[in-house]
């Protein structure tokens, strides 16, 4: 259970008060897909909270005929043998269900949804959409518009539309999924957290930043009800939502959520527990954003970035019994946060520890290649079928991008506004430089690939 020391009001209430007083916040637009090639090296962008949407999961089928493959068998085939192997099992499950129940029976809706999910995983967007629509038709005919099986179909459609860059249909589908989830499982349930996140992402991608934040606030509210006796889960949700607001440039909300996550864990498990490591790093990053905002008041001593990082390092140093590979990844993460905040000396010390642990674990040393730590990838969507831009650039020993230039474009008539947006984003980016023999090094001829969406997807 939670400690009685839990602060009041809750973060969700505070977020709503802040929104009422400021009239909405700015939010970075959704990122686009990345790809990589071998030579010259292409660097992927860092993962961003704004683009994190849970993929649809295969629903269980309680009406499955005995001969039909199970959802578990499909999931195992997907993980071990790939989407086509799993899709073959879904085809068989649907065929067996048709034989058992006939072509118009509502019990076909679940195997149709399973097939739709796996067609989507296999890259057949049109086939997946047809499966979802047929599943909705059959389920509504048997169970009405509130049939609980409709949730999975609408969520799958929302995910499909979002992946295709069709944000308005995605919003509609996710909203239908949320309504069905609430009708079938109540206003407060863990299952709706993923669709609330999906709605926030889709709404943000449509350009409605204020409503996107509202969905994220609602996600915090639901989590506070659902995880009221599970501090670890609630702290993880606070960390996730805090990242959302930090990437929006809203440091007060980011700091509030990350500080709440730290305090929650402090009150439930002690100040030296390993679970505090990541929330402390997130608090440091959010505090660092606040310090760069001229019109913001200074931070209290307890949430200063240096204080949070010192605590995180003490916690990490105490985990000497953890596997060397795990420790190496955490020292790398600590170094990345230091360098993002301009703390080059502590960053090099953390990287040296990471390299030593990687050698102990028999792993290749990752520090020889630069890595993006901050990159606001521009939203890129143009008329037609879209295309690809490849930029080449150098990186100095401080992790700054030098001489970014466009070296490939397909097709050639992509608007120059996309070029300019990508070059501007690269100039503002921060990277971990290549580190050899304990010293940061400059790098030349690195590449970044931007996939440009089209409106005819």
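Just so you know, all these numbers are worked out from the coordinates, no wet-lab data involved. Since this is a predicted model, take the numbers as computed values, not measurements. Quick reminder, even Gly has a Cβ in these numbers, built from the backbone with ideal geometry, and neighbours come from all protein chains shown.
Report the dimensions of region 225-275 along its three principal axes from the alpha-carbon atoms, largest first, rounded to Å.
Projected onto the principal axes, the Cα atoms of region 225-275 cover 31, 25, 14 Å.
Roughly speaking, what is the centre-to-centre gap between region 174-190 and region 325-371 when only Cα atoms are used, to the nearest Å?
After rounding, the separation between the Cα centres reads 42 Å.
Could you give the nm distance between label points at residue 388 and residue 125, where each point is 7 Å from its Cα heading toward the beta carbon?
My value for the distance between the label points is 1.7 nm.
What distance in nm lies between label points placed 7 Å from Cα along the C-beta direction at residue 319 and residue 60?
3.3
Compare the peptides 205-212, 103-110 by average per-residue count of other Cβ atoms within 10 angstrom and give them in order, highest first. Walk me through the numbers before you get to the answer.
Working: 205-212: 17.4, 103-110: 19.4.
Ranking, from highest mean packing down: 103-110, 205-212.
In degrees between 0 and 90, to the nearest 10, how far off the longest principal axis of the chain does helix 192-205 point, with axes built from Cα atoms?
Tilt relative to the chain: about 70 degrees.
Using just the C-alpha positions of region 319-368 as equal point scatterers, what log10 of I(q)/I(0) does the Debye formula give at each q in 0.14, 0.22, 0.24, 0.33 1/Å?
-0.30, -0.69, -0.79, -1.18
Can you give the alpha-carbon Rg of region 191-277 over 2.2 N^0.38 Å, where N counts its residues?
Working: Rg = 13.3 Å, N = 87, 2.2 N^0.38 = 12.0 Å.
So the Cα radius of gyration is 1.11 times the expected 2.2 N^0.38 Å.
Just to confirm the number: angle between the C-alpha axis of helix 125-143 and the first principal axis of the chain, 0 to 90 degrees, nearest 10?
50
Which angle between 0 and 90 degrees, to the nearest 10, do you get for helix 251-267 versus the longest principal axis of the chain when only C-alpha atoms count?
Long axis of 251-267 versus the principal axis of the chain: about 90 degrees.
Mean residue ellipticity at 222 nm from the helices of the chain, using -39,500 (n - 2.57) per DSSP H segment of n ≥ 4 over the full residue count, to the nearest 500 deg cm²/dmol?
Numbers: 16 runs with 247 residues, N = 457.
It comes out at -18000 deg cm²/dmol, rounded to the nearest 500.
How much of the calculated P(r) for region 371-454 lies past 23 Å, in percent of all Cα pairs?
On the way: 891 of 3486 pairs.
Distances greater than 23 Å cover 26 percent of the Cα pairs.
Rounded, prolate or oblate for region 123-258? Axes are the square roots of the Cα gyration tensor eigenvalues, ordered a ≥ b ≥ c, and the cut-off for rounded is a/c under 1.5. Don't skip to the answer; put the middle values down first.
Numbers: a/c = 2.69, a/b = 1.53, b/c = 1.75.
Since a/c reaches 1.5 but b/c is at least a/b, the shape of region 123-258 is classed as oblate.
How large is Rg/Rh for region 244-363, to two decimals, with Cα atoms and a Kirkwood Rh? Intermediate values should be presented prior to the final figure.
On the way: Rg = 14.7 Å, Rh = 14.8 Å.
Taking Rg over the Kirkwood Rh, I get 1.00.
Relative to the compact globular guide of 2.2 N^0.38 Å, what is the alpha carbon radius of gyration of region 63-134, as a ratio?
Computed over Cα atoms of region 63-134, the ratio equals 1.02.
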